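Here the structure is laid out as structure tokens; the discussion comes afterwards.
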Amino acid sequence: MNTGIKKNDILLIFIVLAVAGLAYFLHSVIGAGGAGSVTVKVNGVIEGVYNLGEDQEIVINEGTNYLVIKNGKADMTKADCPDKLCVNQKAVSKKHESIICLPNKVIVEVNSGEKGEYDAVAN
Amino acid sequence: MMLWRTRTAFLGVFTALALIFSYVETLIPISLGIPGAKLGLANLVIVTALYKMRLQEVYVLSVVRVVLSGLIFGNYISILYSLAGGLLSLTVMAALKKGDRFSVTGISVAGGVFHNIGQLLIAMFIVETFSISYYIPGLLAAGTVTGLMIGILSGQMLKRLVNIQF
């Protein structure tokens with residue numbers, strides 16, 4: 001049996017990485033520009049919209065998660081879920097960045113600076 | 001051609017092996033900084049089995065492995081994620097293997113990438129948001145790297161298992 005790497009393998013890896021690079025590029029282009037606020041959703045329902053401009057501490061979902069906004073960045077500091085992936089994640093500030101805590105179904109999303117119907121088109 | 005009960009025994013041994021790999025994985029505290037990204041050591045067993053066992057047996061192996069390791073090391077949500085990732089990954093790997101255009105390394109890379117895609121799709125469905133797509137670049141890159149490592153390891157395993165077919 002041939003276990004050596006074939007040309008198609010390299011091609012496959014190249015395509016996957018190209019798609020990853022393209023997705024990253026698109027995100028950084030869309031995400032550029034000043035961010036205004038973060039939307040906190042629990043179970044798909046909006047719990048609140050918070051300004052990134054002012055430092056504050058937000059208790060989400062009756063205390064399952066804590067979100068701290070500081071220096072224009074939002075960071076999940078506490079969560080009662082076992083994996084703590086959302087806590088270990090870096091702070092978010094760019095448009096369309098998000099912190100997601102899957103076990104508690106909590107989503108923190110950065111909104112774009114401007115508000116209005118254009119958002120839907122831009123997305 | 002092996003006896004039916006011999007095949008069943010081998011299936012059990014492979015399941016145990018995959019479970020041990022899942023356990024070893026929980027001992028390795030690697031966080032790639034991307035939610036859902038992990039080494040996928042148990043995939044080593046699945047990829048090897050893909051070349052050495054019947055496809056339906058590999059599916060059984062994959063599902064039993066995911067459910068058992070989820071019950072032991074995770075929770076019911078993690079079973080759902082792993083099941084989606086595992087089944088999509090296995091289906092893609094089996095499809096790519098048919099044409100014989102890829103080596104085990106390429107197939108393993110595709111498996112790693114689609115494992116992450118499957119989990120991402122389930123995550124999108126569960127939390128009802130598309131903003132998870134922010135993780136796509138990281139998950140694709142992570143899937144490629146882990147798939148590459150598992151593929152190279154599987155290649156070495158298969159080299160040493162040339163004359164054995166389960």
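The values are calculated or read from the model by the stated rules, or taken from the named source; none is laboratory data. Since the structure is predicted, the reported quantities are computational estimates derived from the model, not experimental observations. Neighbour counts are summed over all protein chains in view; Cβ atoms, including those assigned to glycine, are modelled from backbone coordinates with ideal geometry. SASA here: full protein model, heavy atoms, side chains in, ligands and nucleic acids out. Shrake-Rupley method; radii C 1.70, N 1.55, O 1.52, S 1.80 Å.
Condition test on B:Tyr81, is it facing another protein chain (nearest Cβ under 10 Å), closer than 23 Å to A:Tyr24 by Cα, of a type in the set (Ser, Thr, Tyr) and in contact with a helix residue (DSSP H, G or I) (Cβ under 9 Å, 6 or more places away or on another chain)? Against the criterion (facing another protein chain (nearest Cβ under 10 Å), closer than 23 Å to A:Tyr24 by Cα, of a type in the set (Ser, Thr, Tyr) and in contact with a helix residue (DSSP H, G or I) (Cβ under 9 Å, 6 or more places away or on another chain)), B:Tyr81 does not qualify. Looking at segment A:31-63, which of the residues that are surrounded by fewer than 16 Cβ atoms within 10 Å (Cβ to Cβ) and facing another protein chain (nearest Cβ under 10 Å) is modelled with the lowest pLDDT? Restricting to residues being surrounded by fewer than 16 Cβ atoms within 10 Å (Cβ to Cβ) and facing another protein chain (nearest Cβ under 10 Å), the top hit is A:Gly44. Against the criterion of being in a loop (DSSP other than H, G, I, E, B) and within 30 Å of A:Tyr24 (Cβ to Cβ), B:Lys38 qualifies. Taking the listed residues A:Ala74, A:Ala20, the one that is in a helix (DSSP H, G or I) and under 30 Å from B:Ser78 (Cβ atoms) is A:Ala20, with no other qualifying. Of all residues in segment A:71-90, exactly one satisfies the criterion of being modelled with pLDDT of 85 or more and open to solvent by 100 Å² or more (accessible area, probe 1.4 Å), namely A:Lys78.
Give B:Met124, B:Met157 a once-over and let me know the one that is surrounded by fewer than 21 Cβ atoms within 10 Å (Cβ to Cβ), under 23 Å from B:Ala84 (Cα atoms) and not small (Gly, Ala, Ser).
Values: B:Met157 fails: under 23 Å from B:Ala84 (Cα atoms).
B:Met124 is the lone residue from the list that is surrounded by fewer than 21 Cβ atoms within 10 Å (Cβ to Cβ), under 23 Å from B:Ala84 (Cα atoms) and not small (Gly, Ala, Ser).
For segment B:123-132, check the following and say yes or no: at least one residue is assigned to a helix (DSSP H, G or I) and under 22 Å from A:Ala18 (Cβ atoms). Yes, the conditions are met somewhere in segment B:123-132.
In the set (1) touching a helix residue (DSSP H, G or I) at 6+ places or on another chain (Cβ under 7 Å); (2) at the interface with chain A (Cβ under 9 Å from one of its Cβ atoms), the condition left unmet by B:Gly86 is number (2).
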